Amino acid sequence: MEPAAASLQPLVGRRIVVTRPAAQASRLIDQLRAGGARPIACPAIATIEPESWDPLDAALRALGRYRWVLYTSANAVESVASRLAVLHQRGGSGDAGAASIAAVGRATRDAVTAQGWRCEFVPSRADGDSLARELPVAIGDHVLWPRADIARSGPVERLRARGAVVDVVEAYRTVRDPALSEVVCALQGHQVDALTFASPSAVRNFMAALRDAGVRPEWLTEQGPVVASIGPVTSAAVRDVGLTVHAESTSADDDGVVHALSRWFAEHAVPYWR
């Protein structure tokens, strides 16, 4: 269900940058547009293939040995699904249902079920730390974690400390999207009311693009737009690069980002950039 139109009135006319990857941005863009905002699609990250598919392929051929497969992004789900299809075409093995599946949050769970797979566990909060802390594992359980090349190591170490045997394999790589340069120009021209971030890598890539353009974080804090985050892990990344988090989703999804932004603009008399 879309957020109630009345609750979104504070967003009318606001120019809001969506830094999600292009393939995952449509829902947030549609919700912002429904509230009268003027979303600006600007992927901060693009996904590309790993340097080699061999480690992931080997793990997928041996899915039966794993108690759990963990997914912390829709990109990982899609990557695994594509490689399973390739393995089947080559006459190899690999069955997504051979191990129990856990997803970090609702969006990733939806990506899992969209593949026709059953998701058996979602943590109370949509972040890797909660997944690693709450996943029902026993000592010696084998866990496969296909994920991005730059994903944090903390959740993996937490699971290992609980006695799980965790195999981490690279399912995709993240790189900076060239479209970022266009938003940097818009920021310098005071043509952006808000920035939205849905991952630490989006934050880092965005700030790298600013640095390349000679824009200091201090300038963005003093002159720039409202910053909205999808959840605590992303908010921590925003603060790590010297920016302020003005609005944070309480549900770690697009609905939460929209509502957090709406609340912030409703409570603060912030002029539109001209």
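Values of log10 I(q)/I(0) for segment 57-118 across q = 0.21 Å⁻¹ run -0.78, by the Debye formula with one identical scatterer at each alpha carbon and no solvent.
Taking 119, 185 and ordering them by how much accessible surface each has at a 1.4 Å probe, largest first, produces 185, 119. Among the trypsin sites (Lys or Arg not before Pro) found in segment 58-92, those both in a DSSP coil and sparsely packed, with 16 or fewer other Cβ atoms within 10 Å of their Cβ, are 90. Computed with every protein chain present, the accessible area of residue 162 is close to 80 Å² [probe 1.4 Å].
Rounded to the nearest 0.05, the FRET efficiency derived from the C-beta distance between residue 85 and residue 26 at R0 = 30 Å is 0.80.
If 218, 267 are ordered by their accessible area, calculated over protein heavy atoms with a 1.4 Å probe, which sequence runs from highest to lowest? Numbers along the way, then the final one.
Working: 218 95, 267 135 Å².
Ranked list, largest accessible area first: 267, 218.
Evaluated on the chain, the Kirkwood hydrodynamic radius is 19.6 Å, with distances taken between all distinct Cα atoms. Projected over every direction and averaged, the convex hull enclosing the alpha-carbon atoms of segment 130-232 yields 7.7 nm². Within the chain, antiparallel bridges make up roughly 15 percent of the DSSP beta bridges whose residues both belong there. Remark: segment 131-274 carries a charge dipole of roughly 320 debye about the Cα centre, counting +1 on each Lys and Arg Cβ and -1 on each Asp and Glu Cβ.
Put a plus charge on the Cβ of each Lys and Arg, a minus charge on the Cβ of each Asp and Glu, and nothing anywhere else: the dipole of the chain about its Cα centre is then about 120 debye.
Between residue 223 and residue 266, 0.36 nm times their residue separation minus their Cα-Cα distance comes to what? Each step should come with its number before you reach the end.
Working: separation 43, 0.36 × 43 = 15.48 nm, distance 2.00 nm.
That works out to 13.5 nm of additional length.
The accessible-area ordering, largest first, of the residues 127, 110, 212 stands as 212, 110, 127, per a 1.4 angstrom probe.
The values are calculated or read from the model by the stated rules, or taken from the named source; none is laboratory data. Computed from a prediction, not measured in an experiment: that's the story for all the values here. A quick note on method: Cβ atoms are made from the backbone with ideal geometry, for glycine too, and the neighbour counts reach across all protein chains shown. Note: accessible area is taken over every heavy atom of the protein model, side chains too, but ligands, DNA and RNA are not part of it. Shrake-Rupley method; radii C 1.70, N 1.55, O 1.52, S 1.80 Å.
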